[in-house]
Amino acid sequence: MTAPAIRARGLTKRFGRQVAVDGLAFEVPTGSVFGFLGPNGSGKTTTIRMLLALARPTGGEVELLGERMPRASASVLPRVGALVEGPAFSPFLTGRANLSRLDAADPRSVSATRRARVAVALERVGLTHAADKRAHAYSLGMKQRLGLAGALLRPRDLLVLDEPSNGLDPQGTREVRSLIRRLADEGATVFVSSHLLTEIEQLCSHVGVMRAGRLVASGSLDELRAGGGREAVVSTPDAGAAATTLRRLGLAPAVLDGRVTAALPAQTTPESIVAALVADGVRVRGFAVSSPSLEERFVQLTGEGFDVAG
Ligand SMILES: Nc1ncnc2c1ncn2[C@@H]1O[C@H](COP(=O)(O)OP(=O)(O)OP(=O)(O)O)[C@@H](O)[C@H]1O
Ligand SMILES: [Mg+2]
């Protein structure tokens, strides 16, 4: 069995009295595209900085690619491409020169092939046309692309990307999404944070959901969807009688506008409910079983509205 690409246990970060990350435990399966989802201030960047040994955890442990961090930083981090909030580039150098400098800082990089390597990385992120502009003249989206290019200078087993679409226009967002898909197809495990559900939904096989420093759900997208449960909805002029029947079946019905709804336990089949209603003489005009959309599930998990934590 291969070790998971990332494993966190009890991962905690305090800033003074504030607990920004509170006892996270999760695993990122090798080969997955793992979406790390949460509203502003929920602790995504703080977690990512701890994963990459850029910040010291107050408690807990991290393993990257099967090795204990930060002890194994020197051997593991070269296999990890990272994009974290506000990548640091020299504003006075061009995008191309910045990447050359970054590449030269890697002791394993061969200088004879540097030019080509940098050109390929620029091409992959769609920055070729602006490669010879100074970085201070880059837009937010261009800086973000340059940061991504830096993460792609060498082949990586794991990519850790903190809101890679931040500052990009819709076209750029699509390009980054397809780039991430390509990298995953080439065999990299990808851990990508976002506060946008649609982005994660289109891209990821697995997801972890943060709320105020805690991981409130993690698993495959299908597991997250299933976790929302199903609900039976009965339309009837006999709402009171229908509610009585549902209660007898062990459900907890709510009546609203001539519709009776109840969460459906896994062992209760829809057909058994309809049969019981009809047997009790309830006039059933409509019956449906609905699952919450991923968006409704996300709101359930992260709390109504998007209040910034802390
Ligand atoms: N260096 C720091 N000192 C003090 N508090 C911090 C520090 N870094 C982060 N925090 C706090 O920790 C909490 C989590 O912040 P973090 O940046 O991890 O959130 P995030 O999920 O990345 O948010 P966003 O979506 O806005 O990027 C916030 O309340 C923030 O104010
Ligand atoms: Mg952040």
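Out of Thr94, Thr58, Thr45, report the one residue that is in contact with an Asp or Glu (Cβ under 6 Å, 6 or more places away or on another chain), hydroxyl-bearing (Ser, Thr, Tyr) and within 16 Å of ligand 1 (Cβ to nearest atom). Walk me through it before giving the result.
Working: Thr94 fails: within 16 Å of ligand 1 (Cβ to nearest atom); Thr58 fails: in contact with an Asp or Glu (Cβ under 6 Å, 6 or more places away or on another chain).
Answer to the selection: Thr45.
Here is a yes/no grid of residues against (1) within 15 Å of ligand 2 (Cβ to nearest atom); (2) of a type outside the set (D, E, K, R); (3) in contact with a helix residue (DSSP H, G or I) (Cβ under 6 Å, 6 or more places away or on another chain); (4) over 21 Å from Phe26 (Cα atoms):
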{"site": "Lys143", "(1), (2), (3), (4)": "no, no, no, yes"}
{"site": "Ala151", "(1), (2), (3), (4)": "no, yes, no, yes"}
{"site": "Arg154", "(1), (2), (3), (4)": "no, no, no, yes"}
{"site": "Leu168", "(1), (2), (3), (4)": "no, yes, yes, yes"}
{"site": "Arg181", "(1), (2), (3), (4)": "no, no, no, yes"}
{"site": "Glu186", "(1), (2), (3), (4)": "no, no, no, yes"}
{"site": "Val190", "(1), (2), (3), (4)": "no, yes, yes, no"}
{"site": "Leu197", "(1), (2), (3), (4)": "no, yes, yes, no"}
{"site": "Ile200", "(1), (2), (3), (4)": "yes, yes, no, no"}
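Which of the following residues is within 16 Å of ligand 1 (Cβ to nearest atom), farther than 22 Å from Leu294 by Cα and either at pLDDT below 90 or open to solvent by less than 10 Å² (accessible area, probe 1.4 Å) (or both): Leu158, Leu140, Leu146? Write out each step before concluding.
Numbers: Leu158 fails: within 16 Å of ligand 1 (Cβ to nearest atom); Leu146 fails: within 16 Å of ligand 1 (Cβ to nearest atom).
After applying the criteria, what remains is Leu140.
When both residues are 6+ apart or on different chains and their Cβ atoms are under 6 Å apart, which pairs have a first residue that lies in segment 217-245 and is farther than 17 Å from Glu27 by Cβ and modelled with pLDDT of 90 or more, and a second that is among the aromatic types (Phe, Trp, Tyr) and not in a helix (DSSP H, G or I)?
From residues that are farther than 17 Å from Glu27 by Cβ and modelled with pLDDT of 90 or more, the pairs are Val234/Phe287.
Filter segment 232-264 down to residues that are assigned to a helix (DSSP H, G or I) and surrounded by fewer than 19 Cβ atoms within 10 Å (Cβ to Cβ), then give me how many there are. Steps first, please.
First pass over segment 232-264, keeping only residues assigned to a helix (DSSP H, G or I): 239-248.
Subsequent filtering for residues that are surrounded by fewer than 19 Cβ atoms within 10 Å (Cβ to Cβ) retains 239-241, 244, 247-248.
Result for segment 232-264: 6.
Can you name the number of the only condition in (1) buried (at least 18 other Cβ atoms within 10 Å of the Cβ); (2) away from ligand 1 (no atom under 16 Å from the Cβ); (3) not in a helix (DSSP H, G or I) that Ser165 fails?
The number of the failed condition is (2).
Pick out the one residue from Val110, Val120, Val80 that is surrounded by 19 or more Cβ atoms within 10 Å (Cβ to Cβ) and β-branched (Val, Ile, Thr). Steps first, please.
On the way: Val110 fails: surrounded by 19 or more Cβ atoms within 10 Å (Cβ to Cβ); Val120 fails: surrounded by 19 or more Cβ atoms within 10 Å (Cβ to Cβ).
It is Val80.
The values are calculated or read from the model by the stated rules, or taken from the named source; none is laboratory data. Everything numeric here is computed off the predicted structure, so don't read it as measured data. Cβ atoms come from the backbone with ideal geometry, glycine included; neighbour counts cover every protein chain shown. Surface accessibility is based on the protein's heavy atoms, side chains included, excluding ligands, DNA and RNA. Shrake-Rupley method; radii C 1.70, N 1.55, O 1.52, S 1.80 Å.
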